[in-house]
Amino acid sequence: MKNDANNIERAVKILRAGGLVAFPTETVYGLGADAQKSDAVLRIFQVKKRPAFDPLIVHVASIEQAESLAHFTREAELLAERFWPGPLTLVLPRRSVIPDIVTSGLPHVGLRLPSHTLARQLLEASGLALAAPSANPFGYISPTRAEHVQASLGDSIELILDGGECQCGIESSIVSFHDGEVSLLRYGAVKGEELEEALGRSIPYQKQSSPDRPEAPGRLTKHYAPRTPLYFDPDQALLASLSSEEKASSGLLAFQEAELDFGCTEVLSSEGSLEAAAKRLFAAMRKLDQAGLKSIYAQRFPDQGLGRAINDRLKRASISA
Ligand code: TXA
Ligand code: MG
């Protein structure tokens with residue numbers, strides 16, 4: 001099932017025939033299908049066990065292709081010119097060529113032009129717009145290696161293109177343009193500060209409108225979650241009060257250093273780099289989840305730059321989400 005980087009041709013055939021191909025992007029692995037084939041897109045929802053109300057991002061090879069699928073405002077163009085190819089998704093009024101199933105019936109579509117070489121080769125060689133959510137079962141931790149995809153979805157899909165470890169490790173930032181209003185729908189791999197600098201104004205974070213039918217996405221409060229209960233931002237007094245047995249059966253996910261002795265510890269960046277921490281976040285969560293622990297404690301990261309996206313994912317992964 002696993003395939004090497006030279007398998008673009010096979011991937012294109014599968015996609016043209018309505019099949020599913022997992023492919024690497026600079027953020028996480030995506031599970032792709034021809035966005036214009038409703039049956040193929042339906043299979044994405046089935047394989048992931050994803051609720052039909054959670055729309056998919058459409059991946060494109062160029063800004064021109066993006067403009068054939070949605071209506072851009074001047075500000076959307078500005079962001080596309082500045083951050084594409086790259087980990088930014090723009091939510092824009094869609095044109096009718098996009099089937100309803102892709103956007104869960106919403107009048108807007110999420111578009112992204114990824115920078116990963118394999119993703120771009122696939123998009124260019126196929127000439128297709130690819131609907132692709134993260135290639136994980138709905139609600140579980142996003143995959144940052146081909147092995148992660150293989151382990152959970154390998155038997156249900158036609159091909160996995162293996163591009164090694166994803167560079168950013170955390171999903172794209174999502175900026176929405178609704179009726180000329182700009183808002184941030186998801187903290188992600190492009191820093192909020194950079195987006196605001198590019199537009200020269202603040203971009204408010206849009207809170208989820210309804211838990212039953214979230215207008216945006218990975219915004220369901222519970223998401224990205226390990227099976228082991230995860231406690232986000234525990235206070236130091238609580239950690240210090242754990243018995244040695246409790247510590248031995250618990251894991252700690254820390255930013256720069258772990259002073260306490262836990263059964264399993266993942267320090268994401270001893271040099272204190274939020275980029276490095278984001279890259280390792282999901283693989284570390286998987287590792288802790290597979291270590292047979294009773295609980296996982298995750299520290300809060302600095303609330304700036306990629307730290308915001310990391311805290312967002314940890315909060316959604318926690319039992320209190
Ligand atoms: O980095 C990424 O964005 C990765 C890679 C594969 O590109 N994709 C990804 O897809 O994270 P997914 O489906 O796991 O998360 C996309 C989120 C969804 O939760 C969805 O609600 C939101 O984007 N979204 C997609 N289309 C939307 C739309 N038309 N309006 C509002 N939100 C939308
Ligand atoms: Mg996802």
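For this structure, a couple of remarks:
- When the residues of region 136-154 are filtered to those that are within 20 Å of Ile8 (Cα to Cα) and more than 14 Å from ligand 1 (Cβ to nearest atom), the one that is surrounded by the most Cβ atoms within 10 Å (Cβ to Cβ) is Gln150.
- Residues in region 155-168 that are more than 10 Å from ligand 1 (Cβ to nearest atom) and more than 26 Å from Lys13 (Cα to Cα): 1 in all.
- Considering residues of region 236-261 that are touching a helix residue (DSSP H, G or I) at 6+ places or on another chain (Cβ under 9 Å), at pLDDT 95 or above and part of a loop (DSSP other than H, G, I, E, B) only, the residue nearest to Ala189 (Cα to Cα): Phe255
- Scan of region 218-234 for residues that are modelled with pLDDT of 90 or more and either out of contact with any strand residue (DSSP E or B) (no Cβ under 7 Å at 6 or more places or on another chain) or of a type outside the set (A, V, I, L, M) (or both), ordered by number: Pro226, Arg227, Thr228, Pro229, Tyr231, Phe232, Asp233, Pro234
- Just one of the listed residues (Leu130, Leu159, Leu118, Leu122) is surrounded by 24 or more Cβ atoms within 10 Å (Cβ to Cβ), more than 16 Å from ligand 2 (Cβ to nearest atom) and at pLDDT 95 or above, namely Leu122.
The values are calculated or read from the model by the stated rules, or taken from the named source; none is laboratory data. As the structure is a computational prediction, the values presented were derived from the model and not from experiment. Cβ: placed from backbone, ideal geometry, glycine included. Neighbour counts: every protein chain shown.
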